[in-house]
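Student: Take a look at the following structure, please.
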Amino acid sequence: MTDAVLFDPRDDGIAIITVNRPESRNCLSAEVRQGLYTAWDRFERDPALRVAILTGAGDKAFCAGADLKEMVETGLRVPPRAMFPLPYDTVELSKPTIAAVNGVAFAAGWMIAQACDLCVASTSARFAVTEVTVGRSSPWASPLIHMIPQRIMMEILLTGKPITAQRAYEIGLVNRLAEPDRLLPTAIELASEILHGAPLSVRAARETVMLATEMGRSAALKAARHASEHCYNSADAQEGPRAFAEKRPPQWQGR
């Protein structure tokens, strides 16, 4: 790891990943991109870590987008698909992720927040897909149609105008709002709620949501049943009902 991206593996199974370039508004420079690839890989490979929180250093920017100076210097046209480290897209992950948006999430900043499973935002945060204002495009925004209404998505992409954290919450882009000094604690609280669930059940639940998003009803039902078999056949599937009957907390083994 470099200091461009900080990785904090907590004892409770939560990893906090921080883009650490506040002087450049945490833009996705080459060193930040490489740092994120390394951080996501470390998170996925560590069996003790079950939920990751992605945030930005400072209080002004979660991530202000791609490094436009780099684009000018390299003459970048169509970005290579693997250029940006996107959870569940260019980065293979099987565990839940939470974006903790502490400031502006513009363009590629919105992109990486959108890619996470859940989003907690500071009340001072702002979101924007600004590509139309700099002559670029945002094909990565297409999954937004499964998150927010079509006409709201259309306005956001066509105008490039920022929306407030409150508005992002109202349209369903953000799960929870927090005062700036409570952002990370609120994200950790959400992660802790996920940690109460059995690991295999959480994984199956996440897969069910994604299958339902990507497939038609009958195909999603069939695929979700298949994805849940490992969970049903696990030791945890026996431990959960037993613990409930014995009126004690379950002891999850993740197998």
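Student: Using the structure shown, decide if A39 is of a type in the set (A, V, I, L, M), touching a Lys or Arg at 6+ places or on another chain (Cβ under 6 Å), assigned by TED's automatic domain parsing to the domain that holds I156 and more than 18 Å from L144 (Cβ to Cβ). Reasoning before the result, please.
Tutor: Details: of a type in the set (A, V, I, L, M): yes; touching a Lys or Arg at 6+ places or on another chain (Cβ under 6 Å): no; assigned by TED's automatic domain parsing to the domain that holds I156: yes; more than 18 Å from L144 (Cβ to Cβ): yes.
Judged against the criteria, A39 is not a match.
Student: If you don't mind, there's one more thing I want to ask. In this structure, does T133 turn out to be among the hydroxyl-bearing types (S, T, Y) and modelled with pLDDT of 95 or more?
Tutor: The answer is no for T133.
Results for (1) of a type outside the set (A, V, I, L, M); (2) assigned to a helix (DSSP H, G or I); (3) touching a residue at least 40 places away in the same chain (Cβ under 8 Å), shown as yes or no for each residue.
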position	(1), (2), (3)
Y169	yes, yes, yes
L173	no, no, yes
L177	no, no, yes
L183	no, yes, yes
S192	yes, yes, yes
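Student: Further question on the same structure: Look through the range 110-130, keep the residues that are surrounded by 18 or more Cβ atoms within 10 Å (Cβ to Cβ) and more than 11 Å from the chain's Cα centre (by Cα), and return whichever of them is modelled with the lowest pLDDT. Don't jump to the end; show me each part of the working.
Tutor: Our first condition is that a residue be surrounded by 18 or more Cβ atoms within 10 Å (Cβ to Cβ); within the range 110-130, this holds for 110-122, 125-130.
Of the ones still in play, those that are also more than 11 Å from the chain's Cα centre (by Cα) are 121-122, 125-130.
Numbers: A121: 98, S122: 98, A125: 98, R126: 98, F127: 98, A128: 97, V129: 95, T130: 92.
Per the criteria, the residue is T130.
Student: Given the conditions (1) at pLDDT below 95; (2) touching a Pro at 6+ places or on another chain (Cβ under 9 Å); (3) not β-branched (V, I, T), and given that P80 satisfies all but one, which numbered condition is not satisfied?
Tutor: If we test P80 against (1) at pLDDT below 95; (2) touching a Pro at 6+ places or on another chain (Cβ under 9 Å); (3) not β-branched (V, I, T), just (2) comes out false.
Student: Within the range 1-50, restricting attention to residues that are basic (K, R) and part of a helix (DSSP H, G or I), which residue is modelled with the lowest pLDDT? Talk me through it step by step, then tell me what you get.
Tutor: Initial filter on the range 1-50 (basic (K, R)): 10, 21, 25, 33, 42, 45, 50.
The next check asks that each one be part of a helix (DSSP H, G or I); those that pass are 33, 42, 45.
Numbers: R33: 94, R42: 97, R45: 97.
Only one residue tops the list, namely R33.
Quick grid of which residues meet (1) farther than 16 Å from L118 by Cα; (2) in the same structural domain as V78 (by TED's automatic domain parsing):
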position: S138; (1), (2): yes, yes
position: T159; (1), (2): yes, yes
position: Q166; (1), (2): no, yes
position: V174; (1), (2): no, yes
position: R182; (1), (2): yes, yes
position: L190; (1), (2): no, yes
position: R206; (1), (2): no, no
position: A227; (1), (2): yes, no
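The values are calculated or read from the model by the stated rules, or taken from the named source; none is laboratory data. Nothing here was measured: the structure is a model prediction, and the numbers come from that model. All Cβ positions, even for glycine, are placed from backbone atoms using ideal geometry, and neighbour counts span all protein chains on display.
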